[in-house]
1. Report, in whole Å, the centroid distance computed from the Cα atoms of the stretch 87-102 and the stretch 134-152.
2. Gaussian network model of the chain, Cα springs within a sub-10 Å range: biggest mean-square fluctuation belongs to which of Glu48, Glu26, Glu114?
3. Got a sec? What order do Cys150, Cys113 fall in by accessible area at 1.4 Å, biggest, i.e. largest, first?
4. Could I have the simple spin-label model distance between Glu17 and Arg152, label points 7 Å from Cα toward Cβ, reported in nm to one decimal?
5. Please work out how much accessible surface Arg88 shows to a 1.4 Å probe, ignoring ligands, DNA and RNA, in Å² rounded to 10.
6. Hey, what does the equivalent ellipsoid look like for the stretch 99-171, semi-axes from the Cα gyration tensor as sqrt of 5 times each eigenvalue, largest first, whole Å?
7. For Trp154, which sequence-distant residues (separation of 5 or more, or a different chain) have an amide H within less than 5 Å of its own amide H, given hydrogens modelled in the peptide plane?
8. About its Cα centre, how strong a charge dipole does the chain have in debye, to the nearest 20, once Lys and Arg get +1 and Asp and Glu get -1 at the Cβ?
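The values are calculated or read from the model by the stated rules, or taken from the named source; none is laboratory data. The shown structure was predicted, so the numbers you read here are calculated from the model rather than taken from an experiment. Cβ sites come from the backbone with ideal geometry, for glycine too, and all protein chains shown count toward neighbours. Calculation scope for accessible area: heavy atoms of the full protein, side chains included, ligands and nucleic acids excluded. Shrake-Rupley method; radii C 1.70, N 1.55, O 1.52, S 1.80 Å.
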Amino acid sequence: MTDTAMTEVSLRAVEKEDLDFLFMLENTTDIARAGFATAPASRRMLWEYIENYTADIFADKQLRLIVVAEGKAVGAVDISDFDARDRRGFVGIDIAPQYRRRGYGRAALVQLCEYARTTIGMHQLTAVVAVDNTASLALFAACGFKACGCLRSWVRRGNSYTDARICQRLF
């Protein structure tokens, strides 16, 4: 994996021009398998999300930022279920398949953690990752997240279930 010091990414708010990119990202089969989506995202649903997006984590209890590298959108990072009182939330990251293994995910997660800590004043971020998603587990570990628990039989895979690891980063 590329060292984050050598990988340049920036995080920005969601723009109307991101509709096609978000549609692809939300509906990629392996991302849906790694995440917890129950249905494909429609263009209309995503358009309404973009139209109503405020980037105000305190009002919306969530924040989505687009990961930009080489002048184009390569992924997205999210903080969801934000708790303003206890300053915690859940983090998620999606890097488009064609941009993976270039260090963009790690660089974006490092930036998101710094933003969460300094700008939002968060105390912690938590990720819930299926145990068979070894790439994500390695990414979170490389960014200072510590495995702190296991949710048994948490993620459904067809007719079976797999465990999920709880990974937490305290600031």
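1. Taking the Cα centre of the stretch 134-152 as reference, the centre of the stretch 87-102 is 13 Å away.
2. Looking only at Glu48, Glu26, Glu114, the biggest GNM fluctuation is shown by Glu48.
3. Cys150, Cys113
4. 5.1
5. 100
6. 24, 16, 9
7. Thr162, Asp163, Ala164
8. Result for the chain is approximately 580 debye, rounded to the nearest 20.
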